[in-house]
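All of the numbers you see were taken from the coordinates with simple rules; none came from a lab. Remember, predicted model here, so these are calculated numbers, not experimental data. We place every Cβ from the backbone using ideal geometry, glycine too, and count neighbours over all the protein chains shown.
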Amino acid sequence: MRREGEREGDNPRIASPTPPDTPPSRDTGARGWVRRATDRVGLGKRPASLIYGVIVIGALMAAESGRHESYPDTVGSVVIALCLYWLAHAYANVLGHRLQTHTRLSYKDLWRALRDESAILTGAALPLLALLLAWAVGATQATGVEAALWTSVASLLAFELLAGIRARAGRSPIGPGELVLEAGVGMTMGLAIIALKVVLH
């Protein structure tokens, strides 16, 4: 039955549901700005290998401290040892994969492993650059090694800080215990590198 005043073929008006309130975007405000800024820091596809490279170069610098009297000897030995770490890491991954999957060694798999683990070399670039800059400005070899060593430690702390900022950007502020844990882990790794230098020398 049609209501009075309705014409044939007319449909009754259906009230549009009230749209729900749009929740505030997580990318607004200072927290969203921090998250966008930290996301622009490129860590590549294998940040673990990148951090491993920082630790390796730091350990090498700690071991090299006082062993050589010239920059060429120090740079050469560090680069050779770093490349051996890179090759060993890639080879271990390939061999471990073959043992699990019962597959043959192929150039494609080997090249992929070398490419993926090249982040180790990238992680070592900044401390090595600090060593080369010290050489270029005429600083003593011991000063250059110290600069590279502390650059490694600072890089570890920076990565830990970056991880903490990214973790906190999208949620409520963390408690003091978690903050101490995040800072303590990075400091422990840095102190371990310094302790290696003290023990060896």
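Quote the Stokes-Einstein diffusion coefficient, in whole µm² s⁻¹, for the stretch 66-118, based on the Kirkwood radius over alpha carbon pairs, a temperature of 4 °C and a viscosity of 1.567 mPa s.
Numbers: Rh = 12.6 Å.
The estimated diffusion coefficient comes to 103 µm²/s.
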Exercise. What is the order of His102, His89, fewest Cβ neighbours within 10 Å to most?
Worked result: His102, His89
For this session: Any chance you could tell me what percent of the C-alpha pair distances in the stretch 44-200 go past 29 Å?
Result: 30 percent
